Amino acid sequence: MTRKEFDLHGFTAALAAVLGGKDQSNSDHSMTRLSVMTGAVEMSLRTGYGSTWNKVTICPYFPCQQGLNHYEQIKVDSITVTGDRDIAAVAKDVKRRILDGIEPKLEEARARVAARETLKSSVAERAADWQRRFPGLQVKISSDGTGADVYYNRAGRYLNGSMTRDGTLSLQRVSLDGPETSEALLALLTAAPR
């Protein structure tokens, strides 16, 4: 049997059926994908090359984490199985090595996603509040929703900076009109912490 004879798409469909999952592969793609646990866990599958043509690497992940960056995501170890084994034995191996005990990791992933959504709501609320309270201030929320760029330019006063996730304002540039305004800002900055 050569590598070209190994049917990864057929293997994935059979594995999905035994695991009670769904084959979500694109027939034109060399990698395949299946979902289990009602879509809460997905696995991408790929074959080896050369002497490992019959080895299938299965990489599990949680689709709910799509909005999190790489460092925030909960990782699940990949496994490699021999693809020309009995599919029931492979499914048993996948269940034992990946699916058994995956619930705590899935719950942690969901908690991180919920925390990210809470953070995004908080940033959006703060941005709207600042724009309402400070006329002329422009607040543009970042693409990931966890911070914002802040800009003001009116009547000789200029401010450019960023708002962090906790509401801290980091200024890159400030230009003020006259000593009174400058001294008011300096007094605010040098005042004893509350």
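The values are calculated or read from the model by the stated rules, or taken from the named source; none is laboratory data. Values in this document were obtained by computation on a predicted structure and should not be read as measured data. Cβ: placed from backbone, ideal geometry, glycine included. Neighbour counts: every protein chain shown.
Just name the residue that is nearest to residue 15 (Cα to Cα) out of those in segment 28-46 that are hydrophobic (A, V, I, L, M, F, W, C) and without any contact (Cβ under 8 Å) to a residue 60 or more places away in the chain.
So the residue we want is 34.
Go through (1) among the acidic types (Asp, Glu); (2) surrounded by 13 or more Cβ atoms within 10 Å (Cβ to Cβ); (3) assigned to a loop (DSSP other than H, G, I, E, B) one by one and return the number of the condition residue 77 breaks.
(2) is the only condition that residue 77 fails.
Residue under question is residue 98, and the condition is that it be within 30 Å of residue 116 (Cα to Cα), among the aliphatic types (A, V, I, L, M) and in contact with a Pro (Cβ under 8 Å, 6 or more places away or on another chain); does it hold?
Yes; evaluated as a whole, the condition is true for this residue.
Does at least one position in segment 131-143 carry a residue that is surrounded by 14 or more Cβ atoms within 10 Å (Cβ to Cβ) and in contact (Cβ under 8 Å) with a residue 60 or more places away in the chain?
no
Inside segment 166-190, can you point out the residues that are at negative phi and either at pLDDT 90 or above or not in a helix (DSSP H, G or I) (or both)?
166, 168, 169, 170, 171, 172, 173, 174, 175, 176, 177
What's the number of the condition residue 167 fails, among (1) touching a helix residue (DSSP H, G or I) at 6+ places or on another chain (Cβ under 8 Å); (2) surrounded by 15 or more Cβ atoms within 10 Å (Cβ to Cβ)?
Every condition holds for residue 167 apart from (2).
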